[in-house]
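Data block below; observations after.
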Amino acid sequence: MTRASHTFPAFLLLAAAPFSAGAAPAQVLFEKDVRPILKTHCFHCHGEDGEMKGGLDVRLARFILKGGKDGPVIVPGKTAESHLIDLVKKGEMPKGKTKLKDQDIAILEAWVAQGAKTMRPEPEKLGPEHAFTDEERAWWSLQPISKPQVPRLKFKVSSAQSMKMKPGIDAFIAAKLQEMGLSFSPEADPATFIRRTSFDLLGLPPTPQEVDEFVAAYIKDPEASVQRLVDRLLASPHYGERWGRHWLDAAGYADSEGYGEKDIERQWAWKYRDYVISSLNKDKPFDQFIREQLAGDEMVPQPYKDLSADAIDKLAATGFLRMSPNGTGETNDAATQNANIADTLKMVGTSLYGLTIGCAQCHDHRYDPISQADYYRLRAVFEPGFDTKAWRAPGGRLVSLLTEKEIAESAKIEAEAKKLDAARTAKAEEFITEVLEKELAKAPEKDRDALRTAYRTEVKKRTADQTKLLKAWPRVNQLSSGSLYLYDTTYKTKHADTLKKMAEEAAAVRATKPKQEFLHAFTELAKKPGDVPATYIFNRGQFDQPKEQVPPSDLTVLASFRKVEIPEKNPALATTGRRLALATELTDGKHPLVARVMVNRVWMHHFGKGIVATPGDFGQLGSKPTHPELLDWLASDFVARGWSLKQLHREIMTSRTYRQASTRDAMRDRIDPDNSYLSRMSVRRIEAEILRDALLAVSGKLNPQVGGAPVPVMFTEDGQVVIGVDTTDTAGRPSGKVIPLNGAEFRRSIYVQVRRSRPLDMFATFDAPIMEPSCDARAVTTVSPQSLLLMNSTTMRVHAQQFAQRVQADAGKDVADEVRLAWKLVNGRAPSEADVQQSVEFVQAQTGYYQKNPSPLEVELGAPSKTPADPAFLGLTAFCHALLSSNALLYVD
């Protein structure tokens, strides 16, 4: 089945056909060819929002024919006499903006030359019902999802291919390949395949033992061994960590607010991160996963007390809506509040809708059928949780996890501690009185009573004479419980130490309180119908220029085939219920975007590029799907199988398409240079976090602990960001103190603190995104700082040292054995004998160098030890460093 016959109406294919400048185009019509150009470049000043510069409205063809204050701007059939054409060709319009592309000008000229025709009679006036044209409503991603028939191949494939082809994915891919004169590549060898699947599902390399076992099993039964491998990896707790990172990118996860120089930490954001990892490990149905993140709080009765594990899970999920940058902890004004809301809507739009909804904040979307009113209707869904009239700063949004019993217990303990505080205060007063009298004895007798009175008078109530008198006797003036140790040895050893001990006793009592933890959640305060905050369209997006009020709803362009209205208040809930209603609509299995967007994301992470190459933009400016029928087939199958992400992985990873080798050849590169149609597997570079995880795994240092508070990061004295506890003082001066992390420094990268202002150096160098507000698809660059970091950084030298220690411990002192093990750990396969020989010679040469040039080891924090290391160990370390810096580790075939 062809793309045109299944997904795209014929007129849309015609509309998509490009016009080249100077060419004689086919019939040009206003709705499908001209209006998109005018909407992008001209509506803003000529028709939209009542703006009519020069009295000209260009939203309808007949308005253009009517013209503006100076009369008609086009003469049908006569481009030379059409003022509009003259202005755009000279670049005088759009005024103050970039000149129209030659292709667009050619379309306008052709339209005028052909008589300025329309596809259908135009409306008498433009009301809301005419906000979008039929062509805009017919955009492919806004159509209902239907499960297409699996195509029949036009000619037979070889028996070697057909034996392993699956009837779904492979049939769609093979059909497209046949159209292009291509076929599948040979299947990847088993060692390559297990490495590929391990990195894809776990983000970690397979161990040599796992490789050997899989290769042996594959020889006996390829299909069964592949299925068992995929199932084993999906059952690993590391699966949730790997795929959790992908979703956290889309959600814009960060452990800091991302605002100003302070970039305040979000102490409890990690609860959301752990929710994501746990949900994916459990294979929580993705529709439920989405509903909980949008409206988990509306599924939990208020007040939030004595929360069950399920209620905690649902509230933690709403951290999704608290991930966007938020500066209101520093500057709580209307502009900062609205920036936080706008970033959240932008993130929701790209992650769930796959549309740039945020572009409609100030005006109708220039390319997609999303009006400005649509933007604010969607904002109205979330408005009650933000509520700019009763804004809650970050600290006011936290939900305590203490139970009522724990609160009572904590109060009881606090009462006991306060008794100790009171005893300490009394004892301090006794000591102060003793010291005061001794100090007063040193003053003239005539001044003693006045000094005593001045000292005992509250500071703000002292007279000028009292203040002057105390300044004349600083030892009296400065006396306090905190300064007793300054007066003499007796006070220091007796009084000050006694008070310190009493303070420690009170602190020890308080330490027995139940541990206080919070959720960084999105919640609505309970509201009566009349208390729900209203949402207004902002004139040109200016929050201080509200216009008409709008109700909550989904995108109105979908109203032709589904309900988009959202009830303003659910009477059964303490909250408005708006987000829960939207979440239910988005996950009903019939929404045209959500399932498509999700399966496309999964496809992207398996193949390096989505069926739609722009995962956050399924609109006009995004990429068209290479296999639209396959995308719909996957989406409908995903829903039919209960929104199971793990089942989707199985479907993809056991396919012939996924199991191909990545070997390139001239024919494939000529016909499909970007491998968009998958006649082979694409080679992919591992992400920044996965590179660090692989280094830890290969060196044997990886700490497998799952979940919990993030591993902190800090600045070094030379400005690098590394893992470690920040011990700088309030003035930013380093204390020099090193706080041990007790193995936490070897945890997986997903647990490293995400400070927007402090990306770990390795992450920043290898394209880890700064969440502003989120990331749809990571950039993959190849730049010199990456090679320099791998070759020269202290971090890499430490990894190489640890790797060499592991190799030496596991392989013994025979250099050839060490080389073989190191090679297998990094490459996932044994080296050839030629590789072994060359590697041994390299190690021996490096050993000789270090015999002549003694050198210390690098220790964990980068400071060199004082004793020169064993030259043989340093020689092996140099070889390990070379392996860790090689493309063999950086790339997955």
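Values in this text are rule-based calculations from the coordinates and carry no lab data. These numbers come from a predicted model, not from an experiment. Using ideal geometry, Cβ is built from the backbone for each residue, glycine included, and neighbour counts are taken over all protein chains shown.
Brief remarks follow.
- Relative contact order, percent, the chain [alpha-carbon distance under 8 Å, six or more residues apart]: 15 percent
- Using only side-chain charges placed at the Cβ, +1 for Lys and Arg and -1 for Asp and Glu, the dipole size of region 190-235 relative to its Cα centre rounds to 80 debye.
- Between region 740-765 and region 683-730, the alpha-carbon center distance in angstrom: 3 Å
- Share of Cα-Cα pairs in region 215-345 lying beyond 25 Å, as whole percent: 41 percent
- Rounded tilt (10° steps) of 688-699 against the dominant C-alpha axis of the chain: 60 degrees
- Interatomic Cα distance distribution for region 404-516, bins of 5 angstrom, percent: 2, 11, 18, 16, 14, 12, 10, 7, 6, 3, 1, 0
- Which of I169, I312, I264 has the fewest Cβ neighbours within 10 Å, and the rest in rising order: I264, I312, I169
- Peptides ranked, highest mean first, by Cβ atoms within 10 Å: ranges 628-638, 170-180: 628-638, 170-180
- Three semi-axes of the equivalent ellipsoid, region 278-369, Cα gyration tensor, whole Å, largest first: 28, 20, 10
- Divided by 2.2 N^0.38 Å, where N counts the residues, the Cα radius of gyration of region 81-190 comes to 1.87.
- For the chain, share of DSSP beta bridges that run antiparallel, in % to the nearest 5: 90 percent
- Between 0 and 90°, nearest 10: helix 208-220 axis offset from the chain longest Cα axis: 30 degrees
- Counting other Cβ atoms within 10 Å as a rough exposure proxy, the listed residues K471, K500 run K471, K500 from fewest neighbours to most.
- The residues neighbouring D200, those whose beta-carbon lies less than 11 Å from its own, together hold a net charge of +4 under the Lys/Arg +1, Asp/Glu -1 convention.
- Solvent-free Debye calculation, one equal scatterer per alpha-carbon of region 490-616: log10 I(q)/I(0) at 0.23 Å⁻¹ equals -1.25.
- Descending semi-axes in whole angstrom, ellipsoid equivalent of region 742-893, from the Cα gyration tensor: 31, 19, 14
- Proximal charge balance of R120 [Cβ under 10 Å; K/R count +1, D/E count -1]: -3
- Per DSSP, loop GluC sites (Glu not before Pro) in region 413-483 with at most 15 further Cβ within 10 Å: E458
- Which of T727, V754, V713, positive extreme of dipole for region 685-761 (C-beta unit charges): V754
- Think of each Lys and Arg Cβ as +1 and each Asp and Glu Cβ as -1; about the Cα centre, that makes the dipole of the chain roughly 500 debye.
- Electrostatic dipole magnitude of region 685-761 [Cβ: Lys, Arg +1; Asp, Glu -1; Cα centre; debye, to 20]: 160 debye
- Remark: the H130-A464 segment gains 112.5 nm on full extension, using 0.36 nm per residue and subtracting the alpha carbon distance.
- Neighbours of R684 by Cβ distance under 13 Å: Lys/Arg scored +1, Asp/Glu scored -1, total +2.
- Extension gain from L65 to E430, taking 0.36 nm per residue of separation minus the Cα-Cα distance: 121.8 nm
- Entry note, the chain: the mean residue ellipticity at 222 nm calculated from DSSP H runs of n ≥ 4, each adding -39500 (n - 2.57), is -13500 deg cm²/dmol after division by the residues and rounding to the nearest 500.
- Region 241-317: relative contact order in percent, alpha carbon pairs under 8 Å with at least 6 residues between: 28 percent
- Where Rh is the Kirkwood radius over Cα pairs, Rg/Rh for region 190-235: 0.92
- Region 596-665 and region 250-311: distance between their alpha carbon centers, rounded to Å: 26 Å
- 0 to 90° range, to nearest 10: angle between helix 190-201 axis and the chain longest Cα axis: 70 degrees
- Shape call, region 615-677: gyration tensor on alpha carbons, a/c limit 1.5: oblate
- Listed values [x] -1.08, -1.24; [y] -1.23, -1.33; [z] -0.96, -1.09, entry calculated as log10 I(q)/I(0) by the Debye sum over Cα atoms at q = 0.09, 0.10 Å⁻¹: [x]
- Proxy reagent accessibility, fewest Cβ within 10 Å first, across L126, L202: L126, L202
- When the chain is described by a simple charge dipole with +1 on each Lys and Arg Cβ and -1 on each Asp and Glu Cβ, the residue from G828, T463, L631 located farthest towards its positive end is T463.
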